[in-house]
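See below for the structure under consideration.
Every number here is computed from the coordinates shown, using simple stated rules; none is lab data. The structure presented is a predicted model; accordingly, all values stated were derived computationally and were not measured. Because the Cβ atoms are built from the backbone with ideal geometry, glycine has one as well, and the counts that use them run over all protein chains shown.
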Amino acid sequence: MVAGAGGVAAMTLCEKLEQRLTGRPNSYMPAHTLERLLGMPQRPDSERRMLNLAMHIGQAILLGSWRGLMAEGGLRGPRAWVLFTAVRLANDQTLENVTGQGAPPWTWPRDELAIDVLHKGVYAFTTGVIADALAEDPPAWIEART
């Protein structure tokens, strides 16, 4: 979870930098998704800031525990980063699409897709670096064999 917190901090910093460069507005998709998951009434985006942060940060911290388990099991380094990027993207897409808030990524404009993959990649990389550093050696699968 510590790794996820570090990852979401890096991803958010990257998002804010990208938004300054591109002029892209804030996304309230996390809040829209959480409202649907909790059966809450929808409200204007101007009233969604805290809900948006709760989903954005909470989701990233919880997924950080997954990456920690990967590291403990010996899934570390660049290959684990790629795998975990896919996990992060799949998590978002599953929740957004099952709630009817999102659309499949292959229907998105290419620039939006590239930006989303970039941000999730930054999250996955940072989360992985932290999780790998915190993981014990030897990995659990080696220890379990002895």
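Summary of values
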{"item": "Alpha-carbon gyration tensor eigenvalues x 5, square-rooted, for the chain, Å", "result": "29, 16, 14"}
{"item": "Folded to 0 to 90 degrees: helix 49-72 orientation relative to the chain principal axis, Cα", "result": "20"}
{"item": "Ranking of 1, 55 by count of other Cβ atoms within 10 Å, fewest first", "result": "1, 55"}
{"item": "With eigenvalues of the C-alpha gyration tensor scaled by 5 and rooted, the stretch 71-130, Å", "result": "24, 13, 8"}
{"item": "Pairs of Cα atoms farther than 21 Å apart, the stretch 1-87, %", "result": "42"}
{"item": "Average Cα contact separation per residue, the chain, under 8 Å, 6 or more apart, as relative contact order %", "result": "40"}
{"item": "Modelled FRET efficiency - R0 22 Å, residue 118 with residue 97, Cβ distances, 0.05 increments", "result": "0.60"}
{"item": "Per-residue [θ]222 nm for the chain (sum of -39500 (n - 2.57) over DSSP H runs n ≥ 4, rounded to 500)", "result": "-25000 deg cm²/dmol"}
{"item": "Rounded tilt (10° steps) of 29-38 against the dominant C-alpha axis of the chain", "result": "90"}
{"item": "GNM flexibility winner over the chain from 36, 49, 20 (Cα, springs under 10 Å)", "result": "20"}
